[in-house]
Amino acid sequence: MSEDTVDVELAVIGFEPDKGPGEDQAETRTFLGKRNVVRLGAPRYGNYLAELRGRGAAVPTELKQRSREGYGLQYVRPTLTLLPDRGCAFIAAELSVELLTSPPSAHGPGVAAAAGSRARPIAYDVRPRELMEEFPYSRHSGTKYELGGEGGAELGKLIAKVTAENSVERNGVRVVRRLYSYGVNFSEVGWRMQATVDHELAGDVHDLEFIAQVPVGTALVGKFHIAADIAINTTADRWLTASFGPRSPGPVLEVAYPLTSP
């Protein structure tokens with residue numbers, strides 16, 4: 001196995017996005033016209049307790065109690081798609097969902113008032129909680145990293161550098177947390193992801209799920225936010241985009257979806 005030592009300067013770009021053909025798609029463009037696409041698939045959702053019973057699975061006692069108290073339990077399964085252009089790579093991404101309720105128009109004012117006095121919808125569970133990856137590279141001083149295998153591609157070097165900088169030691173092994181979730185017992189949930197050498201942020205990110213506890217008499221609404229950082233391989237494009245490209249402090253994409261069946 002050959003080994004190369006590389007010195008890489010990483011430039012991560014935060015873009016002002018161009019809207020795509022639908023409200024659930026946006027493009028981030030470099031100065032020289034590279035197009036990096038971010039898409040939010042329409043989330044799948046439904047009654048979580050009904051799904052458990054349909055599978056013949058036991059319903060936890062705590063959830064039975066929440067149901068008796070009048071709360072709804074909804075599962076929500078979003079899909080995030082990241083399509084980097086050639087010569088670009090998504091280095092990090094975050095998908096977050098603000099949990100809201102729509103006015104309970106189908107219910108009487110007494111029920112609406114009672115629901116309004118209760119807590120906002122909160123997350124009972126968020127999955128997966130964490131995805132770890134063993135780190136197979138050794139760090140050297142400064143910004144030099146020793147790469148095993150084929151380390152010649154510039155974007156591969158950039159991702160290797162990011163992987164090394166975000167690795168930690170656990171039980172004597174160097175690992176990278178490439179995904180973790182947050183938001184249990186809170187009204188905003190999400191997942192933070194980073195690219196690693198063995199797992200690029202490209203294509204569909206699926207198997208994401210959260211269970212929402214929804215107050216009685218209300219319908220769940222999710223306000224989805226996507227943020228992403230992109231690295232550019234070409235030196236000129238990277239410099240031009242960093243120097244003259246538009247900037248946005250906010251998310252790349254924001255979409256609101258109803259998450260309760262009629």
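Things worth noting here:
- Scanning region 84-122 for residues that are among the hydrophobic types (A, V, I, L, M, F, W, C) and at pLDDT 90 or above yields Ala93, Leu95, Val97, Leu99, Leu100, Ile122.
- Scanning region 213-262 for residues that are part of a loop (DSSP other than H, G, I, E, B), at pLDDT 75 or above and either of a type in the set (Ser, Thr, Tyr) or under 18 Å from Val97 (Cβ atoms) (or both) yields Pro215, Thr218, Leu259, Thr260.
- Verdict on Thr30 being closer than 22 Å to Val252 by Cβ and at pLDDT 75 or above: no
The values are calculated or read from the model by the stated rules, or taken from the named source; none is laboratory data. Being a predicted model, the structure only gives us computed values, none of them experimental. Cβ: placed from backbone, ideal geometry, glycine included. Neighbour counts: every protein chain shown.
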